[in-house]
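S.K.: Here it is: the structure, laid out below.
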Amino acid sequence: MKQEGGRPAKTRLLFVVPYPELKEKAEFVVRNHPERSRIAVDIRVLTVEEMPEKMDVSAYDAVIARGYSAQKIRQLADQVPVIGLEISSYDIVRAIMECKELTNPGKIAVISPDGPLYEVEAVCGHFGCQARAYMTTRPEELAQVIRQAREEGCDAVIGGYSVNLYAKQEGMPSVVIRTGEDTIRQALGEAVRIVEQIRKEQVVSQTYKTIIYASKEGILYVDSRGIIQVRNRVIREMEGNNSLMHRKLEEVIPFFAEPFREAVATGREVSGKIYTFPQTRITVSAEFTPVVVGRKVAGVVVNVSDITKIQEMEGKIRRKMGEKGLRARYTFDDIIHESAVMEETIAQARRYAASEANVMILGETGTGKELFAQSIHNASQRKNGPFVAINCAALPENLLESELFGYVEGAFTGTAKGGKMGLFEQAHGGTLFLDEIGEISLAIQTKLLRALQEREVRRIGDDKVISVNVRIISATNKNLTRLTGRGDFRRDLMYRLDVLRLLIPPLRKRGQDAWLLFGRLLDSYGADRTGAPAMEPEALAMFRSYPFRGNIRELENVTERIMVLCRGGRISAADMEQILYPRDVEDEELPAEGDDGQSAGTWEREYKKEQPSGVSERELILWGLKQCQGNQSRTAKLLGMDRSTLWRKRQKYGI
């Protein structure tokens, strides 16, 4: 409904009257009408004979007219409702009384375009005369009807304004049936009601039309006979812009015929099927929803989704999700190094980034495998897509499956409302990083292999597949070849994942990178290394020669330990020994002489009994490490020396 100043628009009415007296009466009724603030009425005096052949009434919401004028306007303006001024019983009684007073007729002809008025015969009986009702819808027949009435014994005529004119031409006395104020008031109220109803219907109709034609999906409505009654632009384009309206569904889209008939026969929705339009090669999914009226299927609404566009839309959603956290933060520039082996590894990874092939990253715990995975992603053509990472060893089998592939609502107890998108779907158009890939079960390996082969995933509990475009970067600290040899890892899956292999060197093989990283870590704990302790030469030598078998993670722990224990002071060899070799539950004091155990001297004597004379210090240390299974604290106590002394001797002898 149009608005005027924030209020509903006024109802615009055209009131056509055949004589000036009726105009005055209509103006009076309009001025005093209770809806006068909501209506704008244009009153014209116009007989049916004066009406033009073409009459434009499009500026009005409705037209009020009477008799033959109303009939002609309906023919000229079929888009605008025409409300007729109905003849009331009071109007007829008044006309009969006037005719009786003027001519005292014995028989009166009552002529109307609205059908025979049989009640006039009973009314005339009360006034001592007879009546005969005549009906004609064509004004040009009025002269003939009046002559017929005369021949049938009528002395006078009553009717509308046009009837009165023709009666005078035929020389018969006549009286005009005049419209009363109540009839005019009733017609005005009816016009307002009809216009409001039409406006409401227009809003509903336009709403449905807008929904149908603004939809990004194809929509068809097919009646129960199989005739297409509604189609939108999308479905027309899918079908190749061919004419579809009012044609048999089985003729224009034959592959829809069977599911349509099933929906009509069962009264239930039919979905979950994939179709391809031969003209455009567009692949779609379609849902057939029956329209049930009074327990009967009146037709079927067909909702058609372009699978390619759905995937594009999902890609946008996934990209938005990526903006919320599914992003790779690191690049190759973030990898701190100065060693040649690391430079070579980065160069190899850059070459891998230019490819779309899957990558397998191998390396010990803490070497920075995810750092390389993120860097490869950010250097690839997928850098604007999501980067999704999951630690496969952190989740049990059933939870890992739901995380990777997603699930539909109700697939199992505790599912989220609406289901959940899996990581494969979230990574669409980007990279999925599978850390600790060697830990997944054989059952998950099988499903993962299928997803990689078909490039499709199926959510748990669903019967539909979803196409995905994902690059897989995997990582493990295990020997996959050994795992496949033992049957713990599928060989065919390894070949899918291990297309490009990247081996990350451990920190102990990266030269001075540990010292460089140590400096950067110190920076992160205090600006300009404020409060960072200085190292004594012996402590520095111990640090540089330490193997860091936990790699960068262990280096981070050692750095934080140094900052906590030695902040603001100097690190001695004893401090460094405590930092690098913290006491463990196994580092208990050895039993004293006479206890269940033996003293260091006893161990040494026992060793010398077993060996020939001339035992070297190096051999003694090796024997002690063997006896204590490599535990340095226990070895030092066994040999009667402290740990720093043992460490120096090991450095001296290359142990």
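S.K.: Any chance the range 378-397 includes a residue that's in contact (Cβ under 8 Å) with a residue 40 or more places away in the chain, assigned to a helix (DSSP H, G or I) and in contact with a Pro (Cβ under 9 Å, 6 or more places away or on another chain)?
M.R.: For the range 378-397, residues in contact (Cβ under 8 Å) with a residue 40 or more places away in the chain, assigned to a helix (DSSP H, G or I) and in contact with a Pro (Cβ under 9 Å, 6 or more places away or on another chain): absent.
S.K.: Among the candidates 72, 107, single out the residue that is in contact with a strand residue (DSSP E or B) (Cβ under 9 Å, 6 or more places away or on another chain) and at pLDDT 85 or above.
M.R.: 107
S.K.: What number goes with the only condition from (1) at pLDDT 95 or above; (2) more than 31 Å from the chain's Cα centre (by Cα); (3) surrounded by 13 or more Cβ atoms within 10 Å (Cβ to Cβ) that residue 344 does not pass?
M.R.: (3)
S.K.: Does residue 128 satisfy the criteria of being outside the structural domain of residue 18 (by TED's automatic domain parsing) and farther than 25 Å from residue 71 by Cα?
M.R.: So residue 128 passes the test.
S.K.: If the Cβ limit is 6 Å and pairs must be 6+ apart or interchain, which residue in the range 608-633 that is within 19 Å of residue 583 (Cα to Cα) pairs with which residue that is modelled with pLDDT under 75 and not aliphatic (A, V, I, L, M)?
M.R.: Correct list of pairs: 633/587.
S.K.: Turning to a different aspect of this structure: Consider residue 101 against the criteria (1) surrounded by 21 or more Cβ atoms within 10 Å (Cβ to Cβ); (2) under 12 Å from residue 173 (Cβ atoms): it satisfies all of them except one. Which criterion is unmet?
M.R.: Every condition holds for residue 101 apart from (1).
S.K.: Spot the failing condition for residue 302; the list is (1) surrounded by fewer than 17 Cβ atoms within 10 Å (Cβ to Cβ); (2) of a type in the set (A, V, I, L, M, F, W, C); (3) within 17 Å of residue 217 (Cα to Cα), and only one is missed.
M.R.: Every listed condition holds for residue 302 apart from (1).
S.K.: Tell me yes or no: at least one residue of the range 64-80 is farther than 14 Å from residue 160 by Cβ, hydroxyl-bearing (Ser, Thr, Tyr) and in a helix (DSSP H, G or I).
M.R.: no
S.K.: Turning to a different aspect of this structure: How many of the residues in the range 73-84 are surrounded by fewer than 23 Cβ atoms within 10 Å (Cβ to Cβ) and in contact (Cβ under 8 Å) with a residue 60 or more places away in the chain?
M.R.: 2
Conditions (1) within 22 Å of residue 463 (Cα to Cα); (2) touching a Gly at 6+ places or on another chain (Cβ under 6 Å); (3) in contact (Cβ under 8 Å) with a residue 60 or more places away in the chain, marked per residue:
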position	(1), (2), (3)
205	no, no, no
229	no, no, yes
242	no, no, no
245	no, no, no
249	no, yes, no
253	no, no, no
297	no, yes, yes
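S.K.: Taking interchain pairs and intrachain pairs at least six residues apart, which have beta carbon atoms under 6 angstrom, with the first residue in the range 432-443 and under 10 Å from residue 361 (Cα atoms) and outside the structural domain of residue 387 (by TED's automatic domain parsing) and the second surrounded by fewer than 24 Cβ atoms within 10 Å (Cβ to Cβ) and among the hydrophobic types (A, V, I, L, M, F, W, C)?
M.R.: As it stands, the answer is none, since no pair meets every condition given.
S.K.: Further question on the same structure: Within the range 34-57, restricting attention to residues that are under 16 Å from residue 193 (Cβ atoms) and at pLDDT 85 or above, which residue is surrounded by the fewest Cβ atoms within 10 Å (Cβ to Cβ)?
M.R.: Only one residue tops the list, namely 39.
S.K.: Test of understanding: among 236, 281, which residue is under 28 Å from residue 466 (Cβ atoms) and loosely packed, with under 11 Cβ neighbours inside 10 Å?
M.R.: On the way: 236 fails: loosely packed, with under 11 Cβ neighbours inside 10 Å.
So the residue among 236, 281 that is under 28 Å from residue 466 (Cβ atoms) and loosely packed, with under 11 Cβ neighbours inside 10 Å is 281.
S.K.: Test residue 94 against the criterion of being assigned to a helix (DSSP H, G or I) and touching a residue at least 24 places away in the same chain (Cβ under 8 Å), and give yes or no.
M.R.: Working: assigned to a helix (DSSP H, G or I): yes; touching a residue at least 24 places away in the same chain (Cβ under 8 Å): yes.
Spelling it out, residue 94 is indeed assigned to a helix (DSSP H, G or I) and touching a residue at least 24 places away in the same chain (Cβ under 8 Å).
S.K.: State whether the residues of the range 105-115 include one that is in contact (Cβ under 8 Å) with a residue 60 or more places away in the chain and either among the acidic types (Asp, Glu) or in contact with a Ser or Thr (Cβ under 8 Å, 6 or more places away or on another chain) (or both).
M.R.: no
S.K.: Further question on the same structure: Only one of these is under 25 Å from residue 136 (Cα atoms) and not assigned by TED's automatic domain parsing to the domain that holds residue 137: 29, 57, 41, 63. Name it.
M.R.: 63
S.K.: Sticking with this structure for a sec: Which of the residues that make up the range 213-254 are assigned to a helix (DSSP H, G or I) and not aliphatic (A, V, I, L, M)?
M.R.: Within the range 213-254, the subset assigned to a helix (DSSP H, G or I) is 213-214, 233-238, 249-252, 254.
Correct list: 213, 233, 236, 237, 250, 251, 254.
S.K.: Please work out which residue is nearest to residue 494 (Cα to Cα), limiting yourself to the range 356-406 and to residues that are aromatic (Phe, Trp, Tyr) and either within 24 Å of the chain's Cα centre (by Cα) or not assigned by TED's automatic domain parsing to the domain that holds residue 483 (or both).
M.R.: Among them, the one singled out is 405.
S.K.: May I ask you to verify whether residue 497 is more than 30 Å from residue 409 (Cα to Cα) and in the same structural domain as residue 554 (by TED's automatic domain parsing)?
M.R.: So residue 497 does not fit the description; no.
S.K.: Let me ask something additional. Go over the candidates 466, 472 one by one and state the one that is at pLDDT 90 or above and β-branched (Val, Ile, Thr). Reasoning before the result, please.
M.R.: Numbers: 466 fails: at pLDDT 90 or above.
Answer to the check: 472.
S.K.: Quick check on the range 521-541. Is at least one of its residues polar (S, T, N, Q), farther than 25 Å from residue 373 by Cβ and part of a helix (DSSP H, G or I)? Walk me through how you get there before you give the answer.
M.R.: Filtering the range 521-541 down to residues polar (S, T, N, Q) leaves 524, 530.
Cutting the leftovers down to farther than 25 Å from residue 373 by Cβ gives us 530.
Narrowing the set further to residues that are part of a helix (DSSP H, G or I) leaves none.
Checking the range 521-541: not a single residue is polar (S, T, N, Q), farther than 25 Å from residue 373 by Cβ and part of a helix (DSSP H, G or I).
S.K.: I'd like to verify a number: residues in the range 151-163 that are part of a helix (DSSP H, G or I) and either in contact with a strand residue (DSSP E or B) (Cβ under 8 Å, 6 or more places away or on another chain) or in the same structural domain as residue 16 (by TED's automatic domain parsing) (or both), how many?
M.R.: The total comes to 2.
S.K.: Could I ask something else about it? Residue by residue through the range 152-204, note down the ones that are aliphatic (A, V, I, L, M) and within 60 Å of the chain's Cα centre (by Cα).
M.R.: 184, 187, 188, 191, 192, 194, 195, 198, 203, 204
The values are calculated or read from the model by the stated rules, or taken from the named source; none is laboratory data. Predicted model, so just to flag it, every value in this text is computed and none were measured. Cβ coordinates were reconstructed from backbone atoms using ideal geometry, including for glycine residues, and neighbour counts include every protein chain displayed.
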